Amino acid sequence: MSIRPRRSVLYMPGSNARALEKAKTLAADALILDLEDAVAPDAKEVARKQVADAVAQGGYGRRELIVRINGLSTPWGKEDLAAAAKAGPDAVLIPKVSTPGDIMLAARELREAGAPERTRLWAMMETPHAILSADSIVRTAMDPAARLAALVMGTNDIAKETRARLTPGRPAMLAYLSICVAAARAYGVDVIDGVYNNFGDEAGFRAECEQGRDLGMDGKTLIHPNQCAIANEVFAPSDTETEWAKKIIAVFDLPENAAKGALQLEGKMVERLHAEMARRTVAIAEAIAV
Ligand code: COA
Ligand code: MG
């Protein structure tokens, strides 16, 4: 099982050289170097160059590097994609995806621009069309040429486009979030929750991380370094969960249980599906430990 922890996925404006440098020391599993909404029109060219140089130079250790480009229909999108393809990050993040064609077009442009095979595509799920067409969009992941590896929830854009409000507990977002979790699981890609804007509110942030985890998200996108530690903690299996997972695996591995589908462990019913879940828990705990 090859698993990448994506508990903490930190955005930073590509125009902010200090943030790009600081990120080399931050405890984030992944970094999104942004050329889109966090960068003002006047700064687009500078940001593109800075981000391409930062990716090409490296120094980010095991952190995954993702470049978020401007949409391919904007004045900057194509050049962003070409520069990203040349720099070869772990992934290129496509904003405002609305159709399967958006994924396939970006994948083709990446290939034509000579992006290395390792550079995957990530998709922002943030338009009403993305939600309504989540199945067909994410199904593109079945085609290896699409390179699709992860979805990122753009909750601020969803709120803008639908006029739903981002209130505590996010009742108005739940359907949108869960639809994307289902689409991600249906086609075997990861899904990362949206950002929590009020980065000074630790308790509110923790509650939202826990909610995202319980919905099935793999991690959370972040806007400020002070959010890394909590996301890393909440999205990692706890020691208790890992221990329990190991016990489930061990009990099903006993020769006398080889033919059993369900059994009793410390007073609880466990089934083979729990052993499968347990294997994933242990694999992710081991990947995090590395
Ligand atoms: N990534 C890396 N470093 C960051 C960072 C980020 N997202 N946000 C802040 N920092 C750094 C700052 O550069 C500063 O470093 P320094 O102490 O070495 O100078 C330190 O962390 C503390 O920053 P702070 O003063 O608390 O925040 P700020 O007022 O400078 O910035 C924001 C606040 C919101 C503007 C900034 O956090 C930000 O740009 N976040 C990302 C926004 C974004 O990318 N949005 C798009 C997707 S939603
Ligand atoms: Mg957006």
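The values are calculated or read from the model by the stated rules, or taken from the named source; none is laboratory data. The structure presented is a predicted model; accordingly, all values stated were derived computationally and were not measured. All Cβ positions, glycine included, derive from the backbone under ideal geometry; neighbour counts span all protein chains shown.
Here Asp157 meets each of (1) assigned to a loop (DSSP other than H, G, I, E, B); (2) among the charged types (D, E, K, R); (3) in contact (Cβ under 8 Å) with a residue 60 or more places away in the chain with one exception, condition (1). Which one of Ala262, Ala229, Ala289, Ala258 is more than 28 Å from Ala150 (Cα to Cα), out of contact with any strand residue (DSSP E or B) (no Cβ under 7 Å at 6 or more places or on another chain), of a type outside the set (Lys, Arg) and exposed (fewer than 15 other Cβ atoms within 10 Å of the Cβ)? Sole residue among the options that is more than 28 Å from Ala150 (Cα to Cα), out of contact with any strand residue (DSSP E or B) (no Cβ under 7 Å at 6 or more places or on another chain), of a type outside the set (Lys, Arg) and exposed (fewer than 15 other Cβ atoms within 10 Å of the Cβ): Ala258.
From the list Thr155, Thr167, the lone residue that is of a type outside the set (A, V, I, L, M), assigned by TED's automatic domain parsing to the domain that holds Val97 and exposed (fewer than 15 other Cβ atoms within 10 Å of the Cβ) is Thr167.
Considering only residues of the range 143-152 that are in contact with a Lys or Arg (Cβ under 9 Å, 6 or more places away or on another chain) and not in a helix (DSSP H, G or I), which is surrounded by the fewest Cβ atoms within 10 Å (Cβ to Cβ)? Looking at residues that are in contact with a Lys or Arg (Cβ under 9 Å, 6 or more places away or on another chain) and not in a helix (DSSP H, G or I), I get Ala149.
Buried (at least 17 other Cβ atoms within 10 Å of the Cβ), more than 24 Å from Asn197 (Cα to Cα) and of a type in the set (Ser, Thr, Tyr), is that true of Tyr11? Against the criterion (buried (at least 17 other Cβ atoms within 10 Å of the Cβ), more than 24 Å from Asn197 (Cα to Cα) and of a type in the set (Ser, Thr, Tyr)), Tyr11 does not qualify.
Restricting the search to helices (runs of 4 or more DSSP H) fully inside the range 22-134 and requiring at least 2 residues that are more than 21 Å from Pro144 (Cβ to Cβ) and within 16 Å of ligand 1 (Cβ to nearest atom) gives 44-57.
Is it true that Thr140 is over 21 Å from Arg213 (Cα atoms), in contact with a Leu (Cβ under 8 Å, 6 or more places away or on another chain), polar (S, T, N, Q) and surrounded by 15 or more Cβ atoms within 10 Å (Cβ to Cβ)?
On the way: over 21 Å from Arg213 (Cα atoms): yes; in contact with a Leu (Cβ under 8 Å, 6 or more places away or on another chain): yes; polar (S, T, N, Q): yes; surrounded by 15 or more Cβ atoms within 10 Å (Cβ to Cβ): yes.
Considered against the rule, which asks whether it is over 21 Å from Arg213 (Cα atoms), in contact with a Leu (Cβ under 8 Å, 6 or more places away or on another chain), polar (S, T, N, Q) and surrounded by 15 or more Cβ atoms within 10 Å (Cβ to Cβ), Thr140 comes out as yes.
For the range 37-65, how many residues meet the condition of being surrounded by 13 or more Cβ atoms within 10 Å (Cβ to Cβ), among the small types (Gly, Ala, Ser) and within 20 Å of the chain's Cα centre (by Cα)? Break it down into steps so the answer makes sense when it comes.
First, pick out the residues of the range 37-65 that are surrounded by 13 or more Cβ atoms within 10 Å (Cβ to Cβ): 37-39, 43-48, 50-55, 60, 63-65.
Among the residues that remain, those that are also among the small types (Gly, Ala, Ser) are: 38, 43, 47, 52, 54.
Checking the rest, the ones that are also within 20 Å of the chain's Cα centre (by Cα) come to 38.
Of the residues in the range 37-65, 1 are surrounded by 13 or more Cβ atoms within 10 Å (Cβ to Cβ), among the small types (Gly, Ala, Ser) and within 20 Å of the chain's Cα centre (by Cα).
Residues that are in contact (Cβ under 8 Å) with a residue 12 or more places away in the chain and among the polar types (S, T, N, Q) within the range 178-235 comprise Ser178, Asn197, Gln211, Thr221, Asn226, Gln227, Asn232, listed in sequence order.
Residues that are small (Gly, Ala, Ser) and more than 14 Å from Ala113 (Cβ to Cβ) within the range 30-85 comprise Ala30, Ala38, Ala40, Ala43, Ala47, Ala54, Ala56, Gly58, Gly59, Gly61, Gly71, Ser73, listed in sequence order.
Among the residues of the range 91-119 satisfying the criterion of being touching a residue at least 40 places away in the same chain (Cβ under 8 Å) and touching a Phe, Trp or Tyr at 6+ places or on another chain (Cβ under 9 Å), which is surrounded by the fewest Cβ atoms within 10 Å (Cβ to Cβ)?
The residue in question is Ala91.
Here the range 185-201 is the region considered, the condition is being of a type in the set (D, E, K, R) and surrounded by 14 or more Cβ atoms within 10 Å (Cβ to Cβ), and the residue that is farthest from ligand 2 (Cβ to nearest atom) is Asp190.
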